[in-house]
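Structure first, then comments.
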Amino acid sequence: MKIAIDGPAGAGKSTISKAVAGELNYLYIDTGAMYRSVGLAAVEAGINTRSETELAGIIGDILIDIKNTEDGQKYYLNGRDVTQKIREPQISMAASDVAVIPAVRLKLVELQRKLAEKTDVVMDGRDIGTYVLRDAELKIFLTASVDERARRRYNELRQKNSEADLDAVRAEMIKRDKNDSEREFAPLRQAEDAVLVDTTNMDIGEVIDKILQLAKEKKNVTL
Ligand code: DC
């Protein structure tokens, strides 16, 4: 069974997907982390994250690996552990920028499909239900009001002791959603056969239960 979870930034996709995958004993694949890794590679190479030509020059040499360890899932960029680094706020927009470039998407989509080929997965991102796993048995479009999403992201940053300003977080989120929704190739969009889950007034447990229930209805999963 393949479960696709898409939605805008800060909707809770990774927290929810990780928990659902854990409950079902499925593999969790965070596709945002892959775009973040390419964004980091571009920033470190000092290239323009919006330049198709400059990105085409480095994309062939980028190697991304995911490993499941006792400390959770780890992401590697050319053999280097970048799990923490890719979460830095300045990498978010770089990821959104490189994600516009078709050559970047094609490379990452190939990797995503390969990972999902032989196993049950919960995959989260922006284009999983509409493009990467069009045949997913369960598709969820997870969203929440922009104020709620900004508040959650702000709290997350504060917990990590990062300097954060709620208005700046909100503005960045709106900019990134626009960039992700308006690109030509595989934009952020709810698939026609996706179930819309608005989490504005739901807590994490409720959202997880709802998705597990939907999964159970789709297939006789033992919970
Ligand atoms: O989910 P996230 O915030 O970690 O994703 C970072 C960026 O990567 C997001 O702004 C857009 C891009 N992305 C994408 O274009 N397609 C995906 N399937 C996942 C992420």
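Below are the figures for this structure:
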| quantity | calculated |
| --- | --- |
| From 169, 132, 146, residue being within 11 Å of the ligand (Cβ to nearest atom), surrounded by 14 or more Cβ atoms within 10 Å (Cβ to Cβ) and aliphatic (A, V, I, L, M) | 132 |
| Of all residues in segment 85-101 being more than 10 Å from the ligand (Cβ to nearest atom) and at pLDDT below 95, the one that is nearest to residue 169 (Cα to Cα) | 89 |
| Answer residue from segment 172-187, given it is surrounded by 17 or more Cβ atoms within 10 Å (Cβ to Cβ) and basic (Lys, Arg) and is farthest from the ligand (Cβ to nearest atom) among those | 183 |
| Any hit, segment 151-161, residues being within 14 Å of the ligand (Cβ to nearest atom), open to solvent by 20 Å² or more (accessible area, probe 1.4 Å), at negative phi and of a type in the set (Asp, Glu) | yes |
| Test: residue in segment 31-43 that is open to solvent by 20 Å² or more (accessible area, probe 1.4 Å) and more than 21 Å from residue 17 (Cβ to Cβ) | yes |
| Count of segment 44-72 residues which are open to solvent by less than 40 Å² (accessible area, probe 1.4 Å) and either closer than 23 Å to residue 18 by Cα or outside any helix (DSSP H, G or I) (or both) | 6 |
| Meets criteria (surrounded by 15 or more Cβ atoms within 10 Å (Cβ to Cβ) and in contact with an Asp or Glu (Cβ under 8 Å, 6 or more places away or on another chain)) for residue 79 | no |
| Which numbered condition residue 210 misses (of (1) open to solvent by 20 Å² or more (accessible area, probe 1.4 Å); (2) in a helix (DSSP H, G or I); (3) within 14 Å of the ligand (Cβ to nearest atom)) | (3) |
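The values are calculated or read from the model by the stated rules, or taken from the named source; none is laboratory data. All values reported here derive from a predicted model rather than from experimental measurement. Reconstructed Cβ throughout: ideal geometry from the backbone, glycine too, with neighbour counts over all protein chains shown. Side chains are part of the model used for accessible areas, which takes the heavy atoms of the whole protein and leaves out ligands, DNA and RNA. Shrake-Rupley method; radii C 1.70, N 1.55, O 1.52, S 1.80 Å.
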